[in-house]
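A short write-up of the structure that comes next.
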Amino acid sequence: MKKPPSGLITALKESNNLLVLTGAGMSAESGVPTFRDAQTGLWEKFRPEDLATPEAFRDQPQVVWDWYAERRTRISTISPHPGHAALVEMEQYFECFMLVTQNVDSLHQQAGSKNVIELHGNIMRSVCSRTGKAIDDEWIAASNDRPPLSPHHPSGLARPGVVWFGEELPTGTMNRATAAALDCDICFSIGTSTLVQPAASLPFVALDAGATVVEINPQPTRLSSAAHFSLRATAASSLPVIAAALAGYKRA
Ligand code: OAD
């Protein structure tokens, strides 16, 4: 993107409270497959119900464990892109900045973002399938079982610390994200198909609460017609331009 819409930069300069929501498209330019992109999305190759549900883990724990292990390996080799860095830079320009991500890959934290809410958990974490308690990496690495047994419950197994279809989001997480959507002056929705609830409701909550809503996505979504700015652009190409337009103006 050459130049952000001037109205967007004006709105950003006048706001103090920014909420950024990200989805798989935010990680795409770091080499992480999205879920629903035609041809390249994960769900084009696998059926979510076969791999990303408690029932799938109950019925075929090793298949599910191995699939996440493969994704973990891929994610451990990737790095944040300039779009992630731009969000870190923008964080300093606002009194209140909250980043709510559906992504489970830690790229925002790796880039240096501080206020991050992980709505769908984190793929690099393991928890007990019976108690939900965290299982440390050393325990996982020391086990040859796939999945490893859990140290917290006699019939528990280690499972990825992510939210599966049909599961509740971590307690309090959605409340904090909704509060941020109600309070923000501007809400960015970046790289999400806006299909999976309750995350998909957040930009609409912000909109109804009077915030300016900005979408960044090469494809249109059901948010596009409602957003004040719907930028047909990628995260890595647009966010650095937006951050640069702010840099001359806002100082921490
Ligand atoms: P999707 O794969 O559904 O959507 C990715 C979106 O990113 C699409 O709208 C793409 O057009 C867009 N996109 C692709 N490349 C992009 C780029 N370089 N820059 C900006 N946008 C780009 O992924 P999500 O919307 O994140 O849930 O999916 C939401 C949830 O569904 C995921 O968190 C996961 C999945 O099942 C759970 O795991 C519970």
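The values are calculated or read from the model by the stated rules, or taken from the named source; none is laboratory data. Everything numeric here is computed off the predicted structure, so don't read it as measured data. Note that we place each Cβ from the backbone using ideal geometry, even for glycine, and neighbour counts take in every protein chain shown. Each accessible area value is taken on the protein alone, full model and side chains, heavy atoms only, with ligands, DNA and RNA left out. Shrake-Rupley method; radii C 1.70, N 1.55, O 1.52, S 1.80 Å.
Using Cβ point charges alone (K and R +1, D and E -1), the dipole size of the range 132-246 about the Cα centre works out to roughly 260 debye. Counting only Cα atoms, the range 129-252 measures 55, 31, 30 Å along its principal axes, largest extent leading. Between 194, 249, 131, the Cα set farthest toward the positive side of the dipole of the range 130-252 (charges on each charged residue's Cβ, about the Cα centre) is that of 249. Can you list the lysines whose alpha carbon sits under 26 Å from that of residue 133, skipping same-chain ones fewer than 8 residues off? Within the straight-line limit of under 26 Å, residue 133 reaches these lysines: 114. Modelled spin labels at residue 229 and residue 131, positioned 7 Å past Cα toward Cβ, are 4.8 nm from each other.
If R0 is taken as 51 Å, the Cβ-Cβ distance between residue 245 and residue 47 corresponds to a FRET efficiency of 0.75. Derived from the Cα gyration tensor, the three semi-axes of the equivalent ellipsoid of the range 189-252 are 22, 15, 10 Å, largest first. Placing pseudo-labels 7 Å out from each Cα toward the beta carbon at residue 153 and residue 39 gives an inter-label distance of 4.3 nm. For the chain, the Cα-based Rg and Dmax, in that order, read 18.8, 60 Å. Taken about its Cα centre, the chain carries a charge dipole of about 420 debye when Lys and Arg each add +1 at the Cβ and Asp and Glu each add -1 at the Cβ.
Per-residue extension of 0.36 nm, minus the Cα-Cα distance of residue 141 and residue 9, leaves a gain of 42.8 nm for this segment.
Projecting the Cα atoms of 115, 64, 18 onto the charge dipole of the range 1-116, computed from C-beta unit charges around the Cα centre, puts 18 farthest toward the positive end. For the range 65-112, pairs of C-alpha atoms spaced more than 14 angstrom apart make up 57 percent of the total. Spatially, the range 48-90 and the range 181-238 are offset by 23 Å when compared through their Cα centroids. The calculated FRET efficiency for residue 167 paired with residue 72, based on their beta-carbon distance and R0 = 30 Å, is about 0.95. Between 144, 217, 122, the residue with the greatest mean-square fluctuation in the GNM of the chain (Cα pairs under 10 Å linked by springs) is 144.
Ligands, DNA and RNA left out, the 1.4 Å accessible surface of the chain is 52% carbon and sulfur atoms. Straight Cα distances below 15 angstrom link residue 13 to the aspartates and glutamates 89, 91, 95, 185, with same-chain residues fewer than 8 positions distant left out. Think of a 1.4 Å ball rolled over the protein heavy atoms: the chain then has 47 Å² of accessible area per residue. By how many degrees, 0 to 90 and rounded to 10, does the Cα axis of helix 61-75 deviate from the longest principal axis of the chain? Helix 61-75 sits roughly 40 degrees off the main axis of the chain. Treating only the Cα positions of the range 18-128 as identical point scatterers, give the base-10 log of I(q)/I(0) from the Debye formula at each q in 0.12, 0.14, 0.20, 0.21 Å⁻¹. At q = 0.12, 0.14, 0.20, 0.21 Å⁻¹ the computed log10 ratios are -0.46, -0.61, -1.10, -1.18.
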